[in-house]
Every structure is written in structure tokens, then in C-alpha cells.
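In what follows, a single structure is set out as C-alpha cells and then discussed.
The values are calculated or read from the model by the stated rules, or taken from the named source; none is laboratory data. In this text, all values refer to a predicted model and were calculated from it rather than measured experimentally. Every residue, glycine as well, gets a Cβ built from its backbone with ideal geometry; the counts of neighbours run over all protein chains shown.
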Amino acid sequence: MVDTEIRYKQDWFKYMGYTPHYGQEKMHYPTKNTARFFVMVCGRRFGKTTASAMEATYYCSQPNKRIWLVGLSYDKADLMFREIWKLMVIGHSEDIERASEKERIIKFKWGTTVEGKSADNPDSLVGEGLDLLIIDEAAKVKRKIWDMYLSPTLSDRKGKAIFITTPEGFNFIYDLYLLGKEDDLWESHQAPSWDNHFAFRDGKTDSFLLERKRNMS
């Protein structure tokens, strides 16, 4: 990202009342200027969904953007979509051209559209060129959904994809994660739950985390 983009994003997050923790900043401020595909493998309660929704609001604030929020099901996509609805639709009717919570679509007067989609409905994942694609719990999504349906949506508009997920072993997300170590178009990060210092004081002292370490395999 160039300095002007970073400053605008920082100002936007401040305007939205959002302060990302250290782990979330890895998503918002990539280290590779050439990267378009981001793999975030994080622990539970890290704040992946919140960070993804806030990244989407940053795109929503710009003109003529197309954004998809893809979950394993429509219910899962709703987790991100409702965050954006709460922040950018409620109390902001003057900015909205069309909005339907039931249909999971928001169209702003400056030409930007955000939609919630389901990976379980592949027929709905065709026909659009995207600027931002966020795939929630990506490790549980079938690889062909990415290869056949989602990746082509990013071609003509040079869109950005964010894969957020908890670890699921050595599956296709692991393969994509490795691309972040060797391909300039990919960037990968992993982060433990306790990077979220809003939820956990410290990974070495938090009582809940210490209990889980003692009593889980």
C-alpha cells in the first residue's frame, strides 16, 4: 500500500471508531505492495470476522467497488454482512440507493455494492467482477469453489481476496498459505487467539488460555 492509502484507511477506521489489535493490523496493512491474495490463519476469538467486516467498510467508502462476503452458508455470510449493515446502513439512509437485509445486498449512492454469498450455492457465484472478495472459514470451503467460481471474479478488476480461517490441518488452505512465502501475489499470516488483547490479557497469563492448554491435547 502507498502512504496515501494507508493514511486514508487509518482515518477511515478512526472515523468508524475501530482500533485494530496487532494481529488484525496484519490484514489491514500488508507488507507486500504486490500482493492481491491474503491468507489469515488465526485462532478462535481472534477477531477475524470483525477485521474482515471493517476491511469491507473501507472498500465500501470508495466509489464503484464490488464486494462479496462469502460464508460456508448464508447464515455464516450474515456474520460479516450484518456488521456492515449496522455500521453503514442504520442511520445512513441518505447514502443508500438500495438495501435489503433479506437479500443480503447494499448498494450505495456512489456506485459501490456489497453482497453476502454462500459457498453452498455455487450457481450464485458467477457473473461478477469483484474488487474485494472475503471468504470466511476458508479451510472448510471446497477447493473447487475457489478455483472454478471465485478466483475468476477477481481477474478483470484486479481484485483482492482475503481468506480468513481457523486451522484445519494440511488442506488446500495450507497450500495457499505456503504461496504467501514464495509468490509475490500472495501474502500469508498466522496468529494465535491471544493476539486479540481486547479478549485475552496475555497468552502467558490469561487464566482461560492456561486452563485450555492444561486440559486439551
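Report yes if some residue within segment 41-57 is hydroxyl-bearing (Ser, Thr, Tyr), modelled with pLDDT under 95, out of contact with any strand residue (DSSP E or B) (no Cβ under 7 Å at 6 or more places or on another chain) and buried (at least 18 other Cβ atoms within 10 Å of the Cβ); otherwise report no.
Within segment 41-57, one or more residues are hydroxyl-bearing (Ser, Thr, Tyr), modelled with pLDDT under 95, out of contact with any strand residue (DSSP E or B) (no Cβ under 7 Å at 6 or more places or on another chain) and buried (at least 18 other Cβ atoms within 10 Å of the Cβ).
How many residues are within 14 Å of Arg36 (Cβ to Cβ) and acidic (Asp, Glu) if we restrict to segment 127-183?
Adding up the residues that qualify gives 3.
Taking segment 3-56, which residues are assigned to a loop (DSSP other than H, G, I, E, B), out of contact with any Lys or Arg (no Cβ under 6 Å at 6 or more places or on another chain) and within 15 Å of Lys160 (Cβ to Cβ)?
Selection gives Tyr29, Pro30, Thr31, Lys32, Asn33, Thr34, Ala35.
Just to be sure I understand, how many residues within segment 124-137 are without any contact (Cβ under 8 Å) to a residue 40 or more places away in the chain and outside any loop (DSSP other than H, G, I, E, B)?
1
Quick one: how many residues across segment 117-137 are at pLDDT below 90 and either among the small types (Gly, Ala, Ser) or buried (at least 23 other Cβ atoms within 10 Å of the Cβ) (or both)?
Going through segment 117-137 one residue at a time, the tally reaches 2.
If I go through segment 9-39 residue by residue, how many of them are without any contact (Cβ under 8 Å) to a residue 40 or more places away in the chain, among the aromatic types (Phe, Trp, Tyr) and in contact with a Phe, Trp or Tyr (Cβ under 9 Å, 6 or more places away or on another chain)?
Total satisfying the criteria: 1.
When only residues in segment 13-31 that are farther than 11 Å from Glu55 by Cα and in contact with a strand residue (DSSP E or B) (Cβ under 7 Å, 6 or more places away or on another chain) count, which is surrounded by the fewest Cβ atoms within 10 Å (Cβ to Cβ)?
Filtering first and then ranking leaves Thr31.
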